Amino acid sequence: MRLGEKPKLIDENGRRIDGRLPDELRPIRMEVGVLKNADGSAYVEYGNTKVIVAVYGPREIHPKHLTLPDRAIIRCRYHMTSFSTTERKSPAPTRREIELSKVIREALEGVIFTELYPRTSIDIFIEVLQADGGTRTAGITAASLALADAGIPMKDLVAGVAVGKVDGVLVLDINEVEDEYSEVDLPVAMMPSFKEITLLQMNGVLTEDEFWEALKLAEKGIMKIYEVQRETLMSRYSKVRAEVEE
Amino acid sequence: MSITPTSGRIIPRLRRDTILSLLEKDTRLDGRKLNEYREIVVAPGVIPKSEGSALARIGSTTAIAGVKIGVGTPFPDTPNEGVLTVNVEFVPLASPTLEPGPPDENAIEIARVIDRCLREIRAIDLSKLVIIPGEKVYIIWLDIYILDHDGNVLDASMLAGMAALLDTRVPKVEIDEKKNVRIIRDETTPLPINHKVVTVSIAKIGNKLIVDPNLDEDDIVDAKITIGISDDGRIVGLQKAGPGVFTYDDLRLAIKYAKENSVKLLRALEEKKGTKISLNSVLKSYVEEKILKHQII
Amino acid sequence: MPIYVQNRELVTPGTLLAENEKFKLESPTVFKYSNKIYASTIGLVDISNGRINVIPLEGKYIPKVGDLVIGLIEDYGITYWIVDIKSPYKAILNVAEALNRPFNPLKENVKNIYDIGDYVLARVIAFDRTKDPILTAKQKGLGKITKGRIVEIIPSRVPRVIGRKASMITMLKNETKCQITVGLNGRIWIIGPSPELEEIAILAIKKIEYEAHTSGLTDRIRNFIRKEIEKRGLKVNEIRRKT
């Protein structure tokens, strides 16, 4: 919690501290194929939150004893650069980063057809370049793009967003200030084509009715993010087509 | 303990032979001349939340640097100076051969070379970063991450680091009667810089010297020398690496190459200085390059 | 039995393709979920006589028995080599599959046959989910690659370099006068009458890779090659291709 006075987070016109309406996403930007060495890569921005992801694999596992005979293992690392936060963060992994690495891995593992690649590993490396709320969900969105960019078969893309409750109002895609004063933080990730939830955490208190309302709000955001993901993946191919086919 | 490295990458003999036979004709696999640097991109201000930042690309080698500023106690031997801490991280995004973990000897060596190049010439005026002499000073954290490793990560790290320092704004502080210091991040002044510094790395393969080795060349070099050059043309740091040796003639040529190329690197630092570049714009549309300019052989 | 996509349409993972149980699914690029068929990878839709498929645009090489591949020797033991075939699985080449004569490990070293860093043209003779792929280099034309150039492309785009009934590769060979051997793992070996023609062949192959998902590709590549030859002032009609 921040010391000092809590700012007014919803104004008299119902607008949020950055001018958005409660159900509005921040500007979303995405790019795929941004790194040369990686098998798949992506860069995602949710407003001022900036995340880059590399995927390597399926590839041979070192050390060998981690191998599974019937499917690929997923290794996932969520990490924040030391300059991504207001106060410098030590580069060594924190307990928070270790937990988030696990929930993100589990949010993606059920989506990937790991049984196609027994005895291999698919490695997902998430680096938060600038943190302004929603880094784990932006990380998942970027990771699923990077997996698709690597050509790894999966059931669907995964898109994520966090819903919060500020000044008693449910708001979509909370930024850092809202997160700090939020009564609730509810990050959600889904396979949008199937409406199946792959990540769900909650920090705070909601009535059941409010929970369902919050989930609906998250879904609304996720469907929009999914559209941008699909466009981003296809645009570079359709661009080449347009260039050469006339 | 430092152990002879066993590279995870196998260089095909056909490619190695081609590199060597091209070097005999004073040319390189990617068409460069021996003393020719790859294309340089410097994008400052990519992380607005940090006190200073920059992304640098040399060919496809990519490094991102960010500066965070805090308040702490000075070192006992320099009570009237701020503190500069340089840290380099090889994150596993950058290459299939990298694993997560604390900085290894390569990352630590790079961080220390950069630190020395900045410190000895007093590139940053640390004496202006004192809040209460002997008690409270500014701590400048320069953190550099390698995002894509295509050879010569040292020069890319130095370039990103220097560009980030040039982009850095120092927040004001308030001191109360109990000498408590509060940082006011909204009010800033530029980081006091005395000199700009760049490094130029030169590799020796057989009896040939090449500037700015790419990854294929990096993997077969006998020895490397990194030369720090300041904006007034002085040598501000040296680091020899690898098991091979340099003759006096080699060093003369290496210094000549370093001075020539430092001009290009220093110019790249100036080009976009003072502007804020969006990461989106420097990271995009890499795919075409990846396929069409793909390493041949 | 509705179909929601058109032939050659670009799709992404999770795109609904059709509702029809009768379609045969032949590749992991498509999957069935509660009686609906979806895409699992980014690629192009391919619908033809009772089949629905997605031709992938990205992805690693997965070995198949019979495939011709170009491997890179990565390591060796007393009687075998470990070979990188640009796949998640490292291949094994036993010395008995490389030599037509007996091999005595007490007197000889496999390193003197193939050393680390050597390229080898080989064929996959065994592979399943439990064991790493086994190669042979004993058949005619297989073995160490000692000259020419190797170009690497994304393995899933190799079929476009070959083309329908080998139309693309035949055209490439005729126009560039180069010998071109396509490893299905995305490594292609080129030997030409001159470095310039080798270079043009490489550029043409990279262009095929880049434009793999477009139509009218063969004609465009032929024009590209002819222009490049003209630009460099080469006289190719006087060169007879060695076969």
Pull out all pairs, ordered by first then second residue, where Cβ-Cβ is under 6 Å, the residues are six or more apart or on different chains, the first lies in region B:23-46 and is closer than 18 Å to B:S60 by Cα, and the second is open to solvent by less than 30 Å² (accessible area, probe 1.4 Å) and part of a loop (DSSP other than H, G, I, E, B).
B:Y37/B:D212; B:R38/B:G59; B:R38/B:D212; B:P44/B:D167
Only strands (runs of 3 or more DSSP E) wholly contained in region C:39-146 count here; list those with 1 or more residues that are within 30 Å of C:R8 (Cβ to Cβ) and more than 17 Å from the chain's Cα centre (by Cα).
C:43-48, C:51-56
For region C:129-152, does any single residue satisfy the condition of being among the acidic types (D, E), within 14 Å of chain B (Cβ to nearest Cβ) and open to solvent by 10 Å² or more (accessible area, probe 1.4 Å)?
yes
Got a sec? Which of A:P22, A:P91, A:P69 is in contact with a Leu (Cβ under 8 Å, 6 or more places away or on another chain) and in a loop (DSSP other than H, G, I, E, B)?
A:P22
Might you let me know whether region A:101-114 holds any residue that is of a type in the set (A, V, I, L, M, F, W, C), modelled with pLDDT of 95 or more, within 23 Å of B:G101 (Cα to Cα) and surrounded by fewer than 21 Cβ atoms within 10 Å (Cβ to Cβ)?
yes
Looking at region B:49-78 only, could you name the residues that are more than 7 Å from chain A (Cβ to nearest Cβ) and part of a loop (DSSP other than H, G, I, E, B)?
B:E51, B:G59, B:T73, B:P74, B:F75, B:P76, B:D77, B:T78
Restricting attention to region A:192-246, which residues are part of a helix (DSSP H, G or I) and acidic (D, E)?
A:E208, A:D209, A:E210, A:E213, A:E219, A:E227, A:E231, A:E243, A:E245
All positions within region B:131-144 that are open to solvent by 10 Å² or more (accessible area, probe 1.4 Å) and over 30 Å from B:P100 (Cβ atoms):
B:I131, B:I132, B:P133, B:G134, B:E135, B:K136, B:Y138
Pairs, please: C-beta under 6 Å, at least 6 apart or cross-chain, first residue farther than 28 Å from C:T29 by Cβ and more than 7 Å from chain C (Cβ to nearest Cβ) and in region A:135-164, second open to solvent by less than 10 Å² (accessible area, probe 1.4 Å) and part of a strand (DSSP E or B)?
A:T135/A:T49; A:T135/A:V128; A:R136/A:P187; A:A162/A:P187; A:V163/A:L172; A:V163/A:L186; A:G164/A:V171; A:G164/A:V184
Go through region A:41-50 and give me each residue that's in a strand (DSSP E or B) and at the interface with another protein chain (Cβ under 7 Å from one of its Cβ atoms).
A:Y43, A:E45, A:K50
For B:K128: the one exception among (1) surrounded by fewer than 17 Cβ atoms within 10 Å (Cβ to Cβ); (2) assigned to a helix (DSSP H, G or I); (3) at pLDDT 95 or above; (4) under 18 Å from the mean Cα position of the chain (by Cα):
(4)
Residue list for region C:158-186, restricted to those being among the small types (G, A, S) and either surrounded by fewer than 17 Cβ atoms within 10 Å (Cβ to Cβ) or part of a helix (DSSP H, G or I) (or both):
C:A166, C:S167
In the set A:T86, A:T67, A:T94, which member is more than 13 Å from the chain's Cα centre (by Cα), more than 10 Å from every other protein chain (Cβ to nearest Cβ), surrounded by fewer than 17 Cβ atoms within 10 Å (Cβ to Cβ) and under 25 Å from B:R185 (Cβ atoms)?
A:T94
Can you tell me which residue is surrounded by the most Cβ atoms within 10 Å (Cβ to Cβ) among those in region B:79-116 that are more than 7 Å from every other protein chain (Cβ to nearest Cβ) and charged (D, E, K, R)?
B:E81
Just need a number here: residues in region B:145-190 that are within 15 Å of B:G274 (Cα to Cα), in contact (Cβ under 8 Å) with a residue 60 or more places away in the chain and either acidic (D, E) or open to solvent by 10 Å² or more (accessible area, probe 1.4 Å) (or both).
4
Name the pairs whose Cβ atoms lie under 9 Å apart, with the first residue in region C:70-88 and free of Cβ contacts under 8 Å to residues at least 12 places away in the same chain, the second open to solvent by 10 Å² or more (accessible area, probe 1.4 Å) and acidic (D, E), and 6 or more positions between them or separate chains?
C:I82/C:E74; C:I82/C:D75; C:I82/C:D132
Under 9 Å between Cβ atoms, at least 6 apart or on separate chains: pull out the pairs that start in region A:234-246 with a residue that is closer than 15 Å to C:I208 by Cβ and more than 9 Å from chain C (Cβ to nearest Cβ) and end on any residue that is open to solvent by 60 Å² or more (accessible area, probe 1.4 Å) and among the acidic types (D, E).
none
Could you tell me which residue of region B:202-232 is most open to solvent (accessible area, probe 1.4 Å), considering only residues that are without any contact (Cβ under 8 Å) to a residue 60 or more places away in the chain and not charged (D, E, K, R)?
B:N207
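The values are calculated or read from the model by the stated rules, or taken from the named source; none is laboratory data. These numbers come from a predicted model, not from an experiment. Note: ideal-geometry Cβ built from the backbone for every residue, glycine included; neighbour counts use all protein chains shown. Each accessible area value is taken on the protein alone, full model and side chains, heavy atoms only, with ligands, DNA and RNA left out. Shrake-Rupley method; radii C 1.70, N 1.55, O 1.52, S 1.80 Å.
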